[in-house]
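J.: Here's a structure for you.
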Amino acid sequence: MSPKKEFNLSFEFFPPKTPEGMKNLEKTVLQLSKAQPHFFSMTFGAGGSTREGTFDAVKKIQHLNIPVAPHIAAIGLTRDEIISIVKTYQAQGIKRIVALRGDLPSGMGQSGELRYANELVSLIREVTHNTFHIEVAAYPETHPQALNALEDIMYLKKKMHAGANSAITQYFFNADSYFYFVDACNKHGISIPIVPGIMPITHFSKLVRFSDMCGADIPRWLRKRLEAYGDDQKSIQQFGLEVVYKLCDTLVQHGAPGLHFYTLNHSEPSLSLIHSLGLNTAFAIGTHVL
Ligand code: FAD
């Protein structure tokens, strides 16, 4: 497979908790806007914990002429709360949403009225019809709570049938997991684009903590190499960039329909990867379509 012409670049942020964090986000977003991404996305704390924060952050970065896709995590929310959030975004001119189930934060008892993301997608379609391009989550290494890989794929199909237009994957460091996953999805009739989620490696212990939480595999060789750098942040970042560059290059060369960067509100690692991959040039001539 060769790289596709239509290529979708996107960057994910989280809503900052402080005014300094917001200033940093605005700076980051401005820097990343130079890569002309297809969209920015803004996460949502499950249970509505960052609800206002997500609204505010979306508003702050909406002026840049790059579409912003707020995430909505259904868990812990009532149908009415979800409808109100979705209608607020509709009134604000938002055209894309990332629809998720979310994970209930520990100590929060109420799981809400919707159990799975496919129900959220159906509700958004029922209330707002075709207003939004709906993104959903996909798991090349299988969602940690799934009974097995096939069942997980069938639930992704359910999200597509409910009205999802495309999917973004959990991050992974093994390109084969993505290619086998996409093949299996295609064999089971999933026709929506599945864009790989990319986590730049910048900090070892944070990466381990996060990966343990979301079920992303850090291959043993990679974990051991990163661990060996100890507190040498510079070497971790250099080596991390090299590893993630090779991953992205393989994905792009073998036809991935785009790349979605988990930026953690930092611009440098993603920009450096995009530059090394030569994606700036592709974007400068406007080849991104979805
Ligand atoms: P679902 O698709 O509902 O799947 C959850 C589990 O249930 C899976 O094991 C699946 O196999 C199973 N399942 C699915 N449908 C059914 C069904 N109908 N019947 C029975 N079983 C079913 N979390 C946040 O809180 N906020 C965010 O902003 C956020 N952004 C994310 C962005 C991306 C790109 C990704 C990949 C994840 C994100 N997450 C976010 C994390 C996500 O909420 C968790 O991974 C969560 O555990 C699952 O969400 P989901 O939408 O994939 O759930």
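J.: Just to be sure, is Val86 modelled with pLDDT of 95 or more, open to solvent by less than 40 Å² (accessible area, probe 1.4 Å), closer than 20 Å to His129 by Cα and over 15 Å from the mean Cα position of the chain (by Cα)? Steps first, answer last, please.
T.: Values: modelled with pLDDT of 95 or more: yes; open to solvent by less than 40 Å² (accessible area, probe 1.4 Å): yes; closer than 20 Å to His129 by Cα: yes; over 15 Å from the mean Cα position of the chain (by Cα): yes.
For Val86, the condition - modelled with pLDDT of 95 or more, open to solvent by less than 40 Å² (accessible area, probe 1.4 Å), closer than 20 Å to His129 by Cα and over 15 Å from the mean Cα position of the chain (by Cα) - is met.
J.: Let me ask something additional. Among the residues of segment 203-229, write down those that are open to solvent by 40 Å² or more (accessible area, probe 1.4 Å) and either within 16 Å of the ligand (Cβ to nearest atom) or outside any helix (DSSP H, G or I) (or both).
T.: Scanning segment 203-229 gives His203, Arg209, Phe210, Asp212, Met213, Asp217, Tyr229.
J.: Any chance you could count how many residues in segment 161-172 are open to solvent by 30 Å² or more (accessible area, probe 1.4 Å) and more than 7 Å from the ligand (Cβ to nearest atom)?
T.: 2
J.: Taking the residues in segment 119-137 that are open to solvent by 30 Å² or more (accessible area, probe 1.4 Å) and assigned to a helix (DSSP H, G or I) as candidates, determine which candidate is farthest from the ligand (Cβ to nearest atom).
T.: Val127
J.: List the pairs whose first member sits in segment 179-207 and is among the aromatic types (Phe, Trp, Tyr), whose second member is crowded, with 19+ Cβ neighbours inside 10 Å, and whose Cβ atoms are under 6 Å apart, counting only residues at least 6 apart or on separate chains?
T.: As it stands, the answer is Phe181/Pro140; Phe204/Leu226; Phe204/Ile236, since those pairs meet every condition given.
J.: I'm trying to understand the selection: among the residues of segment 177-194, which are surrounded by 13 or more Cβ atoms within 10 Å (Cβ to Cβ) and hydroxyl-bearing (Ser, Thr, Tyr)?
T.: Ser177, Tyr178, Tyr180
J.: Write out, first by first residue and then by second, each pair whose Cβ atoms fall under 6 Å of each other, whose residues are 6+ apart or on separate chains, and whose first residue, in segment 143-160, is more than 6 Å from the ligand (Cβ to nearest atom) while the second is modelled with pLDDT under 95.
T.: Going by the 6 Å Cβ cut-off, the qualifying pairs are Pro144/Gly215.
J.: Taking interchain pairs and intrachain pairs at least six residues apart, which have beta carbon atoms under 8 angstrom, with the first residue in segment 44-61 and more than 14 Å from Leu100 (Cα to Cα) and the second among the aliphatic types (A, V, I, L, M) and within 11 Å of the ligand (Cβ to nearest atom)?
T.: Thr54/Met42; Ala57/Met42; Val58/Met42; Ile61/Met42
J.: Continuing with the same structure: In segment 60-77, what residues are open to solvent by less than 50 Å² (accessible area, probe 1.4 Å) and more than 19 Å from the chain's Cα centre (by Cα)? Give the steps one after another, and end with the answer.
T.: Residues of segment 60-77 that are open to solvent by less than 50 Å² (accessible area, probe 1.4 Å), as a first pass: 61, 64, 66, 68-77.
Across segment 60-77, the qualifying residues are Leu64, Gly76, Leu77.
The values are calculated or read from the model by the stated rules, or taken from the named source; none is laboratory data. Treat the numbers as computed from the prediction; the structure is a model and nothing was measured. So basically every Cβ, Gly included, is an ideal-geometry build from the backbone, and we count neighbours across all protein chains shown. For accessibility, only protein heavy atoms count, side chains too; no ligands or nucleic acids. Shrake-Rupley method; radii C 1.70, N 1.55, O 1.52, S 1.80 Å.
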